Amino acid sequence: FPAPGSVKITTFAKNSGGDGVEMTFAKFLGINNVQVSATATAAWGGPSAGVIVLPFVISECRFNLSGAIQVIQLDSGPSCTSSNGTGQTVPGGFGWLDPDPGKCSLFVTLAKATISSSPGIGTATLCKLVFEAQQNKTVLLPIYDSVAGSGTSGTYHIKGFAAFELLGYNLTGLPGWNDTGTLPGYPICTGSCKGLIGKFVRSVILDASWTGGGPDMGAGRLRLTQ
């Protein structure tokens, strides 16, 4: 373990006598065996920057790694106190983010942790196929710990990223999916209820486009460093 959050592995190939790999033709040159080894170092930690495919941000007070299926409602739900030391009250629920032009996705980095909100009305239509492609899959979503402003002028301060298994939703501009509570253990989110249905999970990220260095919120970025 050369550093926190990393491990170095070295393997050796040996013959039954433990003397390395036995040579065949090299014996005529006086070389009976050689040492054969390979070394690799892997590092892990919470993600700090990458492209999120669903333009949503979720309040830290709704973050729950218990594995319970829950409804993350839009602009509603319990409030919580920010963990950033300001004592600011963080509204519960989540909001749409302002995606990259013509896309459903956007790049988010903790190095520039304040990002803009979006009403989501036009974004919902743009994201229809993306939502359908992510059904029953685990996606990374940013978690915020404080807010400023409101509406299109509002901003969120991102604390980290969490893995969320998308199991249903009911959003304006999108056909509802698994939102009626007919599946065992699934909550109801129909009518005026707008939100995501799913659960926070622990997940290993192998996508090389994501960088590490963020807080551990259940999603771990694993990469080979050597």
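Details
- Translational diffusion coefficient (Stokes-Einstein; Kirkwood radius from C-alpha pairs) of the chain at 20 °C, 1.002 mPa s, in µm²/s: 108 µm²/s
- Its relative contact order, with pairs defined as Cα atoms under 8 Å and 6+ residues apart, puts the chain at 25 percent.
- Think of a 1.4 Å ball rolled over the protein heavy atoms: the chain then has 51 Å² of accessible area per residue.
- For segment 167-180, the Karplus equation 6.51 cos²θ - 1.76 cosθ + 1.60, evaluated at θ = phi - 60°, returns couplings of 10, x, 6, 9, 10, 4, x, 10, x, x, 9, 6, 10, 8 Hz by residue, with Gly and Pro reported as x.
- Calculated log₁₀ intensity ratio I(q)/I(0) where the Debye formula runs over C-alpha points of segment 110-226, q = 0.15, 0.16, 0.18, 0.20 Å⁻¹: -0.84, -0.94, -1.14, -1.28
- Mean residue ellipticity (222 nm) of the chain, computed from DSSP H runs ≥ 4 via -39,500 (n - 2.57), nearest 500: -1000 deg cm²/dmol
- Segment 175-226, relative contact order [Cα under 8 Å, separation at least 6], %: 25 percent
- Local electrostatic count, residue 165, Cβ distance below 12 Å [Lys/Arg +1, Asp/Glu -1]: +3
- Surface composition of segment 1-83: carbon plus sulfur atoms hold 58% of the accessible area, using a 1.4 angstrom probe and ignoring ligands, DNA and RNA.
- Each part gets one Cα centre, and for segment 4-35 versus segment 174-191 those centres are 59 Å apart.
- HN-Hα J in Hz across segment 209-226 - Karplus 6.51, -1.76, 1.60, θ = phi - 60°, x for Gly and Pro: 6, 8, 9, x, x, x, x, 7, 10, x, 9, x, 8, 10, 8, 7, 9, 8
- Built amide H within the under 5 Å cut-off of residue 221, gap 5+: 45, 46, 205
- Charge tally around residue 143: other residues with Cβ under 14 Å, Lys/Arg +1 each, Asp/Glu -1 each, net -1.
- The stretch between residue 11 and residue 207, if pulled fully straight at 0.36 nm per residue, gains 68.0 nm over its current Cα-Cα span.
- Nonlocal amide H pairs with residue 20, under 5 Å, H built at 1.01 Å: 15
The values are calculated or read from the model by the stated rules, or taken from the named source; none is laboratory data. Everything numeric here is computed off the predicted structure, so don't read it as measured data. Note that we place each Cβ from the backbone using ideal geometry, even for glycine, and neighbour counts take in every protein chain shown. These area figures cover heavy atoms from the full protein model, side chains too; ligands, DNA and RNA do not enter into them. Shrake-Rupley method; radii C 1.70, N 1.55, O 1.52, S 1.80 Å.
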